[in-house]
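Colleague: Right, I'll just put the structure down here and ask away after.
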Amino acid sequence: QVQLVESGGGLVQPGGSLRLSCAASGSFFSIATMAWYRQAPGMQRELVATITGGGNTNYADSVKGRFTISRDNTKNTLYLQMNSLKPEDTAVYYCNEQIVGLQYWGQGTQVTVSS
């Protein structure tokens, strides 16, 4: 059974930075496609960024050039470096793992961008 635990959220001023982490259990992390999603109040959950087991990345247009997804397979950990944060980035951020047709989710971490 895969467990995902996010950390690193918090309150930050516009223009600031945060780094989210997602610690994953299980034996297949290194080959899994990992992703970050976010959900703002009253909105649908949206895809922020993905990274394949081979390291290929993809980003939502709204975060390109500001966010960077990365992974450390030696630590079974996924990261999201978020720079130049905007109030519209405020949301609960979720870690997602996709492996052999199954999906797993973390509990989420709150990111609030406000002055």
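Colleague: 7 Å from Cα along Cα→Cβ at both Ser62 and Ser115: what's the point-to-point distance in nm?
Modeller: Spacing of the two 7 Å Cα→Cβ label points: 2.1 nm.
Colleague: Ok, one more. Note down the magnitude of the dipole of the chain about its Cα centre, charges +1 on Lys and Arg C-beta and -1 on Asp and Glu C-beta and zero elsewhere, to the nearest 20 debye.
Modeller: Values: 8 positive and 7 negative charges, 29 e Å.
Using Cβ point charges on Lys, Arg, Asp and Glu, the chain gives about 140 debye.
Colleague: Using +1 at the C-beta of Lys and Arg and -1 at the C-beta of Asp and Glu, which of Leu78, Val5, Gly42 has the Cα lying farthest in the positive direction of the dipole of the chain?
Modeller: Leu78
Colleague: Turning to a different aspect of this structure: What area, in nm² and to one decimal, does the C-alpha convex hull of the range 1-56 cast on average over all directions?
Modeller: On the way: hull surface 20.9 nm².
The Cα convex hull of the range 1-56, projected and averaged over all directions, gives 5.2 nm².
Colleague: So with the 1.4 Å probe, I'd like the accessible area per residue for the range 51-102, rounded to whole Å². Write out the running numbers ahead of the final one.
Modeller: Working: 2550 Å² over 52 residues.
Normalised by residue count, the accessible surface of the range 51-102 is 49 Å².
Colleague: Continuing with the same structure: Carbon and sulfur atoms: what percent of the 1.4 Å accessible area of the chain do they account for?
Modeller: Values: 2900 of 6030 Å².
C and S fraction of accessible area: 48 percent.
Colleague: Going from the alpha-carbon gyration tensor of the chain, what semi-axes, largest first and in whole Å, does one get by taking the root of 5 times each eigenvalue?
Modeller: 23, 14, 13
Colleague: Through the Karplus equation 6.51 cos²θ - 1.76 cosθ + 1.60, θ set to phi - 60°, convert the phi angles of the range 17-27 into ³J(HN,Hα) values in whole Hz; use x for Gly and Pro.
Modeller: 10, 9, 10, 8, 10, 9, 8, 10, 9, x, 9
Colleague: Pop the C-beta distance of Ala23 and Trp105 into the FRET formula with R0 = 22 Å and round what comes out to the nearest 0.05. Please report the intermediate quantities before stating the final value.
Modeller: On the way: r = 14 Å, r/R0 = 0.63.
My answer for the efficiency is 0.95.
Colleague: Related question: Under the Karplus relation 6.51 cos²θ - 1.76 cosθ + 1.60, θ = phi - 60°, what is the ordered set of whole-Hz ³J(HN,Hα) values for the range 106-115, x standing for Gly and Pro?
Modeller: x, 8, x, 9, 7, 10, 10, 10, 7, 8
The values are calculated or read from the model by the stated rules, or taken from the named source; none is laboratory data. Keep in mind it's a predicted model, so treat the numbers as computed, not measured. Glycine gets a Cβ as well: all are built from the backbone with ideal geometry, and neighbour counts include every protein chain shown. With ligands, DNA and RNA removed, areas are computed over all heavy atoms of the protein, side chains included. Shrake-Rupley method; radii C 1.70, N 1.55, O 1.52, S 1.80 Å.
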